[in-house]
Amino acid sequence: DDILTKEQFENFDLRLDWKISKVGNSGIFILADELGKRIYSHGPEIQILDNERHHDNKLATHRSGSLYDMIAAPVDSQRTAGQWNQTRILLKNKHLQVWQNNVQTVDLAIGSEQWLSLLANSKFKDWPGFGTNRKGHIGLQDHGDKVWFKNIKIKELIFLVSKKNLFLKNI
């Protein structure tokens, strides 16, 4: 079964380490809900994959560190199956940034023209509600393959607004 956070997050800084088995496939989901048939029905995925052996390696946007089927991660961010990887996912006011092994793999605003263009050219183009949640669960996918996660840290980012300044409070 997939693992979902109890809490829902709108602005957050997620850091974790992961390792995938040979021929393995998994993912990290953001802004997920439990309204669709699957965790990926509405929640965008940062892919975890054995890039060398898994059959879903044909498209660069399906390899580890990628925003699945939308943005391909640079090759220098990827490690072979069985090695530990570090991922950071930062979402602030719909601005999504992702790093895998200290290499930035994603930098875009959800809902922006760039997002809508990428979405229109993805398998999600006809999926009602995909990527539209303002806040949601963070999820770790059970794709039936062995995957390990450790050092999972989620920092919720809360923005406090005054008339003169915008303050960012880390919790």
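Amide H neighbours of Gly43 under 5 Å, at least 5 residues apart or on other chains, H built in the peptide plane: list them.
Answer set, sorted by chain and number: Asp33, Gly131.
Given the protein chains as shown and a 1.4 Å probe, how many square angstrom of Ile152 are accessible, to the nearest 10?
90 Å²
How many nm is it between the label spots at Asn57 and Val23, if each spot is 7 Å from the Cα in line with the beta carbon?
That separation, rounded to one decimal, is 1.3 nm.
Only helical DSSP H runs with n ≥ 4 go in: add -39500 (n - 2.57) per run for the chain, normalise by residue count and round the 222 nm mean residue ellipticity to 500 deg cm²/dmol.
Details: 1 runs with 8 residues, N = 171.
Calculated at 222 nm, the ellipticity per residue is -1500 deg cm²/dmol.
Leaving ligands, DNA and RNA out of it, rank Lys58, Lys123, Lys6 by accessible area with a 1.4 Å probe, largest first.
Details: Lys58 150, Lys123 100, Lys6 195 Å².
If we order Lys58, Lys123, Lys6 from most to least accessible, we get Lys6, Lys58, Lys123.
What residues qualify as long-range amide H neighbours of Gly27, i.e. H under 5 Å apart, gap of 5 or more or another chain, H built at 1.01 Å from N?
Result for Gly27 returns Ile48, Gln141.
Starting at the first residue of the stretch 50-56, write each ³J(HN,Hα) from the Karplus equation 6.51 cos²θ - 1.76 cosθ + 1.60 with θ = phi - 60°, in whole Hz, x for Gly and Pro.
Using θ = phi - 60°, the values come out as 7, 4, 7, 10, 6, 5, 7 Hz.
Provide the gained length on full extension for the span Ile3 to Ile158, in nm with one decimal, where the gain is 0.36 nm per separating residue minus the Cα-Cα distance.
Answer, rounded to one decimal: 53.4 nm.
Over the chain, give the accessible area per residue in Å² for a 1.4 Å probe, as an integer.
Values: 9400 Å² over 171 residues.
I get 55 Å² per residue for the chain.
Given the protein chains as shown and a 1.4 Å probe, how many square angstrom of Trp84 are accessible, to the nearest 10?
Per-residue accessible area (Trp84): approximately 80 Å².
Tell me, what % of the accessible area of the stretch 1-130 is carbon and sulfur with a 1.4 angstrom probe?
Working: 2990 of 6280 Å².
Solvent-exposed carbon and sulfur of the stretch 1-130 make up 48 percent of the total.
The values are calculated or read from the model by the stated rules, or taken from the named source; none is laboratory data. Everything quoted here is computed from the prediction, not taken from an experiment. Because the Cβ atoms are built from the backbone with ideal geometry, glycine has one as well, and the counts that use them run over all protein chains shown. Calculation scope for accessible area: heavy atoms of the full protein, side chains included, ligands and nucleic acids excluded. Shrake-Rupley method; radii C 1.70, N 1.55, O 1.52, S 1.80 Å.
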